[in-house]
Amino acid sequence: MCGIVGYTGTENARKILIEGLKILEYRGYDSAGIGLVSETDFQLARVKGRVEGLNEIRINGEFTCGIGHTRWATHGEPSVENAHPHRVGRVTLVHNGIIENYQELKKELEGEGVVFNSQTDTEVACALFDKYYDGSTHPCVAIYKAISRLKGSFAFALMFKGYEGRLFGLRHKSPLLVGKGKTGMHLASDLTALLPYTDTYTLLEEGEVVELRASESIFYSYDGIYDPVWHHSSLSYESCKKGGYDHYMLKEINEQPEAIEKTISPRINGGLPDFSSDGITKELFDGIKCVHIVGCGSAYNVGLIGARLIEEHAKISASAFVASEYRYSPPQNMQGALVIAISQSGETADTLASVRYARLCGCPVISVINARESSIARESSRIIYTHAGPEIAVATTKCFSAQLSIMYLFSIFMGTCKGRLTDATARELTEGMLRCSSTISRRLKGAGELLELSKSLSGASSAFFIGRGLDYFMCLEGALKLKEISYINAQAYQAGELKHGTISLIENGTPVISLMTEKRLFDKTLSNLKETKSRGASTVCFLAKTEKSPQECGDFNIFLKGNSFIESLFDQLVCLQLLSYHVARLRGCDIDKPRNLAKSVTVE
């Protein structure tokens, strides 16, 4: 979840490291630090809080080699002492992941005289590397001895005394990339941190070690030295900037029409969904008896909607599972299951663990991800890339839309392959999806009413989202967005369940937001909303075209655009994103970096 950068070359390492950490700050912003080394000197700078604080620390001398880290705290509170890099003896390092057996190792090392200055598992790992490094042998010897004793997930960037000017990197379950730049070699836990300097990169394999010098790299595996496969990113550094917007989240909300268009256009042929370019054909579904969709957070919410759509269009059992629970409480029907893993980063630890469990069970795995060469992509049977581009804000917007558009098309595709949908029906459904980009664009050009609504919600301490069917699943996403960036205690409920306990929480002025795109359930949901209104709730409706007058609906009504259900669903999604954004802005919240959260959750 934290961010790693490293550089060795001919330029100012401090500047390069801090710039890289600023790009990676969405991965963790509890504390930050850099370690710089030369032939004659070592400097360490660490701060509690944001990366910007590193600029205030005086560093004497010029350095062309160093490592940096921005932290999302796991072991030990956010503090200077717990910030990375850590240095023990002849080893300095930064770390992403969790060392599960650190307490056992710490006790052993303390018995050998090591004194620890932090509460972190990382300092224990650093001491273990130092234990095995005596300066007389190559650092790889110490590295492989140490990692044979570490349990958990980790990516390390290390510097060893006696090897000044060189960096070492390794990974196990956590991502780490190597970049080949014009002025030197780079390490990073995310491709975006490499883009200002190079588009040429490679991803370390599990258990492999890289040694970086100013103008070359050496890759080691258990079998010896090897030559990696280098890739060229299609992303640009400009795509990672705010582009004139006040926040990344607002920029990414506005990029959704383009993201959806780029995602679905290559997968529609003759008006019908076609996933053959992803290696997915009708034959893949032979023998498939059910579909399991795994994801975390917003990706899980996409999975809930996707599962319902697959059941509706393909008439096959489909279920969504929280990835952190999937392998610990697995369903009994693994035989004949198709597993779909959804992840923006392709590195989500719990989702990756679910993919590995599914493969052990012999299930084919399709991953829906936004990051090429990621761990989940490499371990899946088939890969469906969304083409949303870099998403920097912690709260996902355009990646959610891209994932949802994929699941909608996939459900139609599976329905035609299974003979459950006629081509005519499939074309009609697909045409609705094709219109979603323009529907969203119209909403983005005229969202003033959402700003007015946000003013009335910004003072609330809690809020309820209610809906039925697919609207309920969208309620989950709407509530998640509001709570994660505005800190309002927002909860989602099936509308019919309110009277079975939750309605007791309704007080005068409590906001109740009702999502009502499913026409067949409209009257039922409206009745549930009125039950809250009669108890003093301040009611809001997001509704598709209806014959009801506004007076019959909520205190505040947002009429959705579009002529099809899927258009209204996507318009509703964008409305909820904008509503959360404006509420958080009015409350003075840090929208792109909400407290306690990080973008990519790479620990279980």
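The values are calculated or read from the model by the stated rules, or taken from the named source; none is laboratory data. None of the values given here were measured: they were computed from a predicted structure. Note that each Cβ is placed from the backbone with ideal geometry, even for glycine, and that neighbours are counted across all protein chains shown.
Filter segment 178-198 for residues that are closer than 15 Å to Ile23 by Cα and under 22 Å from the mean Cα position of the chain (by Cα) and give the result.
Leu187, Ala188, Ser189, Asp190, Leu191, Thr192, Ala193, Leu194, Leu195, Pro196
From the list Ser534, Ser564, which residue is modelled with pLDDT under 90 and over 28 Å from the mean Cα position of the chain (by Cα)?
Going through Ser534, Ser564 in turn, the sole match is Ser534.
Run Ile98 past the list (1) crowded, with 24+ Cβ neighbours inside 10 Å; (2) assigned to a strand (DSSP E or B); (3) among the β-branched types (Val, Ile, Thr) and report the number of the one that doesn't hold.
(1)
Where residues in segment 346-376 are part of a helix (DSSP H, G or I) and at pLDDT below 90, which of them is farthest from Phe154 (Cα to Cα)?
The qualifying residue farthest from Phe154 (Cα to Cα) is Ser375.
Residue check, Arg356 against (1) without any contact (Cβ under 8 Å) to a residue 40 or more places away in the chain; (2) buried (at least 24 other Cβ atoms within 10 Å of the Cβ); (3) farther than 26 Å from Tyr29 by Cα, all met but one. Which one?
Single failed check for Arg356: (2).
Might you check whether a residue that is assigned to a helix (DSSP H, G or I), assigned by TED's automatic domain parsing to the domain that holds Pro257, touching an Asp or Glu at 6+ places or on another chain (Cβ under 8 Å) and among the polar types (S, T, N, Q) occurs anywhere in segment 410-428?
yes
Can you tell me which of Ser438, Ser456 is under 24 Å from Ala402 (Cα atoms) and surrounded by fewer than 21 Cβ atoms within 10 Å (Cβ to Cβ)?
Answer to the selection: Ser438.
Could we say that Thr8 is among the polar types (S, T, N, Q), at pLDDT 95 or above and more than 24 Å from Ser174 (Cα to Cα) here?
Spelling it out, it is not the case that Thr8 is among the polar types (S, T, N, Q), at pLDDT 95 or above and more than 24 Å from Ser174 (Cα to Cα).
Would you call Glu258 under 29 Å from the mean Cα position of the chain (by Cα) and surrounded by 15 or more Cβ atoms within 10 Å (Cβ to Cβ)?
Against the criterion (under 29 Å from the mean Cα position of the chain (by Cα) and surrounded by 15 or more Cβ atoms within 10 Å (Cβ to Cβ)), Glu258 qualifies.
Search segment 376-401 for residues that are at positive phi and pair each with any residue that is of a type in the set (Gly, Ala, Ser) when their beta-carbon atoms are under 8 Å apart and the residues are at least 6 apart or on different chains.
What qualifies is Gly389/Ser239; Gly389/Ala259.
Testing Phe168 on (1) part of a helix (DSSP H, G or I); (2) out of contact with any Lys or Arg (no Cβ under 7 Å at 6 or more places or on another chain), one condition comes back false. Which one is that?
(1)
Using beta carbons and a limit of 9 Å, which pairs, at least six apart or on different chains, have the first residue in segment 494-510 and in the same structural domain as Gly459 (by TED's automatic domain parsing) and the second one at pLDDT 85 or above and of a type in the set (Phe, Trp, Tyr)?
Pairs that qualify, where the first residue is in the same structural domain as Gly459 (by TED's automatic domain parsing) and the partner is at pLDDT 85 or above and of a type in the set (Phe, Trp, Tyr), are Gln494/Tyr472; Ala495/Tyr472; Leu498/Phe464; Thr502/Phe464; Thr502/Tyr493; Leu505/Phe464; Ile506/Phe464; Thr510/Phe464.
Can you give me the ranges of the strands (runs of 3 or more DSSP E) entirely in segment 185-292 with at least 2 residues that are free of Cβ contacts under 8 Å to residues at least 24 places away in the same chain?
Because the criterion is at least 2 residues that are free of Cβ contacts under 8 Å to residues at least 24 places away in the same chain, the strands (runs of 3 or more DSSP E) in segment 185-292 that meet it are 217-221, 224-226.
Could you list all residues from segment 316-345 that are out of contact with any helix residue (DSSP H, G or I) (no Cβ under 8 Å at 6 or more places or on another chain) and either aliphatic (A, V, I, L, M) or not in a loop (DSSP other than H, G, I, E, B) (or both)?
Glu325, the sole residue that qualifies.
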